[in-house]
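This report concerns only the one structure given below.
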Amino acid sequence: MAFEKFIPPQISGVRPRATIRPSGLISFDAASVESFGLHSASFAVLYFDKTRKMVGIQIAKNADDDGALKLSRRRRSVSVKAPQFFDLYGISFEEAQRFDVGQDPETKILTISLKNVPRRRGRRPKKI
């Protein structure tokens, strides 16, 4: 019987992650940029699923899409500033927090689960 050589697959041990800061900045780390092709993205549209407490980020190619926000690049990370988004849904952060980033296989929307983040107390701001 002949031996068969086992070569383990080259899998990076780094998971795609995002940091959300109290200022409303969502920044994606280098693993997220590489995994989801964010290096070529210019704009993003944000979504929120109230029942699952999940943020959805859809990559947009141009600023003409409704709700498109400009993505900023720094070295190996990509970020989007959206304080009004978090204010609208009553989500606040005392300090920066890191979250795993996933991707919906059908819609290709990036997802961040905020299940463990408490919602801000009090009434929501009135819509203008």
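The values are calculated or read from the model by the stated rules, or taken from the named source; none is laboratory data. No experiment lies behind these values; they were computed from the predicted model shown. Cβ sites come from the backbone with ideal geometry, for glycine too, and all protein chains shown count toward neighbours.
Could you go through region 22-34 and let me know if any residue there is in contact (Cβ under 8 Å) with a residue 24 or more places away in the chain and touching an Asp or Glu at 6+ places or on another chain (Cβ under 9 Å).
yes
Looking at (1) touching a strand residue (DSSP E or B) at 6+ places or on another chain (Cβ under 6 Å); (2) under 18 Å from LEU110 (Cα atoms); (3) surrounded by 14 or more Cβ atoms within 10 Å (Cβ to Cβ), can you tell me which one GLY90 breaks?
Here GLY90 meets the rest and fails (2).
Just checking: which of the strands (runs of 3 or more DSSP E) contained wholly in region 1-119 hold 3 or more residues that are of a type outside the set (Gly, Ala, Ser)?
Numbers: elements: 17-20, 25-28, 43-49, 54-60, 72-74, 77-81, 97-103, 110-113.
Per the criteria, 17-20, 25-28, 43-49, 54-60, 77-81, 97-103, 110-113.
Would you be able to tell me the number of residues in region 41-55 that are within 26 Å of SER92 (Cβ to Cβ) and crowded, with 17+ Cβ neighbours inside 10 Å? Let's see the steps before the verdict.
Just the residues of region 41-55 that are within 26 Å of SER92 (Cβ to Cβ), to begin with: 43-55.
With crowded, with 17+ Cβ neighbours inside 10 Å added as a condition, the list becomes 43-44, 46, 54-55.
Number satisfying all stated conditions: 5.
Within region 20-39, identify whether any single residue is surrounded by fewer than 18 Cβ atoms within 10 Å (Cβ to Cβ), in contact with a Leu (Cβ under 6 Å, 6 or more places away or on another chain) and not hydroxyl-bearing (Ser, Thr, Tyr), and answer yes or no.
Taking every residue of region 20-39 in turn, none turns out to be surrounded by fewer than 18 Cβ atoms within 10 Å (Cβ to Cβ), in contact with a Leu (Cβ under 6 Å, 6 or more places away or on another chain) and not hydroxyl-bearing (Ser, Thr, Tyr).
Give the number of residues within region 39-68 that are at pLDDT 90 or above, more than 11 Å from the chain's Cα centre (by Cα) and over 25 Å from PRO118 (Cβ atoms).
3
Taking region 1-30, which residues are of a type in the set (A, V, I, L, M) and modelled with pLDDT of 90 or more? Break it down into steps so the answer makes sense when it comes.
Going through region 1-30, the residues of a type in the set (A, V, I, L, M) turn out to be 1-2, 7, 11, 14, 18, 20, 25-26, 30.
Listed by number, the residues that qualify are ALA18, ILE20, LEU25, ILE26, ALA30.
How many residues are aliphatic (A, V, I, L, M) and touching a Gly at 6+ places or on another chain (Cβ under 9 Å) if we restrict to region 81-99? Walk me through how you get there before you give the answer.
First, the residues of region 81-99 that are aliphatic (A, V, I, L, M): 82, 88, 91, 96.
Subset that is touching a Gly at 6+ places or on another chain (Cβ under 9 Å): 82.
Count: 1.
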